[in-house]
Amino acid sequence: MTEWFRRKTDKIKTFDKRDTERGQWQKCPSCSEVLYYKTLENNNFICTVCNHHFRISSKNYFKLLFDSDENIEIGKEIYSIDHLNFEGIKKYSDQIEAAKIKTKLSDAITVKYGKINNVDTVICVMDFSFIGGSMGSVVGEKIFRAIDHANSNKLPLFIITSSGGARMQEGVYSLMQLAKISTKLAQFSENGGLYIVLLTDPSTGGITASFGMQGDIILAEPNALIGFAGARVIKQTIGEDLPEGFQTSEFLLEKGFIDHIINRNELKETLCNLYSSFGYLNKVSDNE
Ligand SMILES: [Zn+2]
């Protein structure tokens, strides 16, 4: 009798993880489609099925925007210090070290200047992977220096945000950055400087209370979470249900908080068109 239940053929061959390189496939968190990594990379990390914009690093944005790798970094030498000897679940000094190793970055923002379609520009990009893209004194100082450089050289300024807000581990030093950056941006604006911001997922807390919402033009990536306080806190405070899609780019566009939602594949072209409309001409046509 037992013979009937014995398997006569080899086991059914299943997909063997060892046959593929690690990380060759990526599942879309929005539509669950399993995407080939190379295809995703070639499409600037936008899902080819549902248009979901994956979070990408500053390195990817610089590669997407700048004409070449010959760009100069501002404030590379600045590092965060644990001024307050802050200790929560982890020591802040340990968190900084762990984040530096994990991301190979010095802090949650990188500032560079270089050319996009031959137009000189200053670009600051935040990295959410570095302690939640939190804004501490280093982020503040780097943006301060970026604005200074743009101001002295009459260049347009472009900031890409991705942040959970202020870096609580730095206490008041973190909150002071809001005033420091806002004052500097106001001076830049008075001097006729153009500041464009792109809000990506997520851009919340102190960022939306300062430079995230102070752009002359405010762009956002599709379906990004953008807001000041979390939805649960707001709901508890006002005691009312919140509308559907609250705190998404699409909702904020409808309410007039942002100017345009932009597909990442069209970012460089749109930025160049905006620069050109505001009189920032590329060096090639300057010489003609
Ligand atoms: Zn998708």
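The values are calculated or read from the model by the stated rules, or taken from the named source; none is laboratory data. Everything quoted here is computed from the prediction, not taken from an experiment. Here Cβ is always computed from backbone atoms with ideal geometry, including for glycine, and neighbour counts include all displayed protein chains. Heads up: the accessible areas ignore ligands, DNA and RNA and are worked out on the full protein's heavy atoms, side chains in. Shrake-Rupley method; radii C 1.70, N 1.55, O 1.52, S 1.80 Å.
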Screening ALA186, ALA224, ALA229 for residues that are at pLDDT below 95 and of a type in the set (A, V, I, L, M) leaves only ALA229
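So that you can scan it fast, the table gives a plain yes or no per residue for (1) more than 10 Å from the ligand (Cβ to nearest atom); (2) at pLDDT below 95:
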residue	(1), (2)
ARG6	yes, yes
ASN42	yes, no
PHE54	no, no
TYR61	yes, no
Selection over segment 146-198 where residues are under 24 Å from LEU267 (Cβ atoms) and of a type in the set (D, E, K, R) yields a count of 1
Pairing a residue in segment 256-269 that is closer than 18 Å to THR121 by Cβ with any residue that is open to solvent by 40 Å² or more (accessible area, probe 1.4 Å), where Cβ atoms lie under 6 Å and the two sit 6 or more apart in sequence or on different chains, gives ARG264/ASN44
Result of the Cβ filter at 7 Å on segment 31-54, keeping first residues that are among the hydroxyl-bearing types (Ser, Thr, Tyr) and partners that are within 11 Å of the ligand (Cβ to nearest atom) and open to solvent by less than 50 Å² (accessible area, probe 1.4 Å), at least 6 apart or interchain, is THR48/LEU35
